[in-house]
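Let me begin by presenting the structure, written as structure tokens, before commenting on it.
The values are calculated or read from the model by the stated rules, or taken from the named source; none is laboratory data. The shown structure was predicted, so the numbers you read here are calculated from the model rather than taken from an experiment. All Cβ positions, even for glycine, are placed from backbone atoms using ideal geometry, and neighbour counts span all protein chains on display.
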């Protein structure tokens, strides 16, 4: 009886190791072959902008990366992660500390950049304005300070909220206000959203790893397996 029990445990361990090895192989192959990476996350906010009419292109024809986008990590790294985010999305808020932890562990292996996709609807009002304000903070080299301040008090942001936060992080308001109201910054955010729709982004957060889509807030351990970093 004891021998049967031990054999049962041994078989269970072997099967677990085989499954673990298969998952690593699957994620690595998906990244290499250009497939969507399914990490089975339910932590994802779908967009209400389903009525947008923009023709979808082959993902290989779309420039997901933007040279002017806010970045972290090493620009020359082989692993390129582009996130489409909305400051009003709770799962975007949840995902970023995980990405920051991943970047802290592998600072020379990942090039991370962030772009914006406004979810729209009454539950996510202020998302576009928050993105505009954050990019104006980037113009003063304080994007990440402003980014973190927004997530400290996540809400449907008003323009008064954003002006208040701009002052709190030490932005030059004489530069911030005209930037926020400019056509250039509005077009920048619109361009991000257009690229998102053409790339079949359905909500936030959505990541592209070397051009391959990952949806939702993902634990660091799952990122490590998918990127073959362990």
Looking only at segment 174-202, how many residues end up being on the phi < 0 side of the Ramachandran plot, in contact with a helix residue (DSSP H, G or I) (Cβ under 8 Å, 6 or more places away or on another chain) and part of a loop (DSSP other than H, G, I, E, B)? 1
Among (1) surrounded by 15 or more Cβ atoms within 10 Å (Cβ to Cβ); (2) touching a helix residue (DSSP H, G or I) at 6+ places or on another chain (Cβ under 7 Å), residue 207 falls short only on (2)
What number goes with the only condition from (1) out of contact with any helix residue (DSSP H, G or I) (no Cβ under 7 Å at 6 or more places or on another chain); (2) under 20 Å from residue 113 (Cβ atoms); (3) in contact (Cβ under 8 Å) with a residue 60 or more places away in the chain that residue 148 does not pass? (3)
Please state which of the following conditions residue 155 fails to meet, knowing it meets all the rest: (1) surrounded by 19 or more Cβ atoms within 10 Å (Cβ to Cβ); (2) outside any helix (DSSP H, G or I); (3) touching a residue at least 60 places away in the same chain (Cβ under 8 Å). (1)
Among (1) in contact with a helix residue (DSSP H, G or I) (Cβ under 7 Å, 6 or more places away or on another chain); (2) outside any helix (DSSP H, G or I), the one test that residue 170 misses: (1)
What are the pairs, 6+ residues apart or on separate chains, where a residue within segment 172-187 that is under 21 Å from residue 115 (Cα atoms) and in the same structural domain as residue 66 (by TED's automatic domain parsing) has its Cβ under 7 Å from a residue that is in a loop (DSSP other than H, G, I, E, B) and at pLDDT 95 or above? 179/139
Of everything in segment 204-223, what is farther than 20 Å from residue 75 by Cα, part of a loop (DSSP other than H, G, I, E, B) and touching a strand residue (DSSP E or B) at 6+ places or on another chain (Cβ under 9 Å)? Give them in sequence order. 205, 216, 218
Candidates 92, 45, filtered to the one that is under 27 Å from residue 224 (Cβ atoms) and at pLDDT below 70: 45
